[in-house]
Amino acid sequence: MFFPNAAAVLGGRAEEDKKETDFLICSNGKWGLLEVMGEAFHPSATAIKDHDRARLFKDYGLVVIEFYDATRCYNQPEVVVDDFLRRLQQSQP
């Protein structure tokens, strides 16, 4: 099961409390985030903000967060998804 562009509200109702993910994924009861990194989506200028957001999700117990290059996602989507799901399944419950 996956949710593209899932939005979560963490800790409040203000707009700045809204955190969007590229893909929120659940597989065999384990949840994780798959993030697509590239200039069109997450430019290097926002890298710190992206990692701060990842740490916030980890604070709420969502610890499997993987970042993949956008070009690789477009050219090899099956490889990216298989890699992500393997990492998700290897994670601790």
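The values are calculated or read from the model by the stated rules, or taken from the named source; none is laboratory data. Bear in mind that the values here come from a model prediction, so they are computed numbers and not experimental data. Neighbour counts run over all protein chains shown; Cβ positions are idealised from the backbone, glycine included.
Suppose the filter is loosely packed, with under 15 Cβ neighbours inside 10 Å, acidic (Asp, Glu), touching a strand residue (DSSP E or B) at 6+ places or on another chain (Cβ under 9 Å) and farther than 10 Å from Gly32 by Cα; does Asp50 pass it? Walk me through it before giving the result.
Working: loosely packed, with under 15 Cβ neighbours inside 10 Å: no; acidic (Asp, Glu): yes; touching a strand residue (DSSP E or B) at 6+ places or on another chain (Cβ under 9 Å): yes; farther than 10 Å from Gly32 by Cα: yes.
So Asp50 fails the test.
Go through the stretch 56-93 and report how many residues are surrounded by fewer than 11 Cβ atoms within 10 Å (Cβ to Cβ) and either farther than 25 Å from Asn28 by Cα or under 12 Å from the mean Cα position of the chain (by Cα) (or both).
1
Which numbered condition trips up Phe57, out of (1) touching a Cys at 6+ places or on another chain (Cβ under 7 Å); (2) touching a residue at least 40 places away in the same chain (Cβ under 8 Å)?
Going through (1) touching a Cys at 6+ places or on another chain (Cβ under 7 Å); (2) touching a residue at least 40 places away in the same chain (Cβ under 8 Å) one by one, Phe57 breaks only (1).
Being more than 16 Å from Tyr68 (Cα to Cα) and touching a helix residue (DSSP H, G or I) at 6+ places or on another chain (Cβ under 6 Å) is the filter; apply it to the stretch 17-37 and report the residue that is surrounded by the fewest Cβ atoms within 10 Å (Cβ to Cβ).
Ranking the candidates gives Ser27 first.
For every residue, the table says whether it meets (1) touching a strand residue (DSSP E or B) at 6+ places or on another chain (Cβ under 8 Å); (2) assigned to a helix (DSSP H, G or I); (3) more than 12 Å from Glu35 (Cβ to Cβ).
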| site | (1), (2), (3) |
| --- | --- |
| Phe57 | yes, yes, no |
| Thr71 | no, yes, yes |
| Tyr74 | no, yes, yes |
| Glu78 | no, yes, yes |
| Arg86 | no, yes, yes |
| Gln89 | yes, yes, yes |
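Test of understanding: among Ala6, Ala40, which residue is surrounded by fewer than 16 Cβ atoms within 10 Å (Cβ to Cβ) and touching a helix residue (DSSP H, G or I) at 6+ places or on another chain (Cβ under 7 Å)?
Ala40
For the stretch 1-46, what are the residues that are hydroxyl-bearing (Ser, Thr, Tyr) and modelled with pLDDT of 85 or more?
Thr21, Ser27
Would you check which residues across the stretch 13-44 are touching an Asp or Glu at 6+ places or on another chain (Cβ under 9 Å) and part of a helix (DSSP H, G or I) and list them?
none
Of all residues in the stretch 1-12, which are outside any strand (DSSP E or B) and either over 26 Å from Asn75 (Cβ atoms) or within 11 Å of the chain's Cα centre (by Cα) (or both)?
Hits for the stretch 1-12 are Asn5, Ala6, Leu10, Gly11, Gly12.
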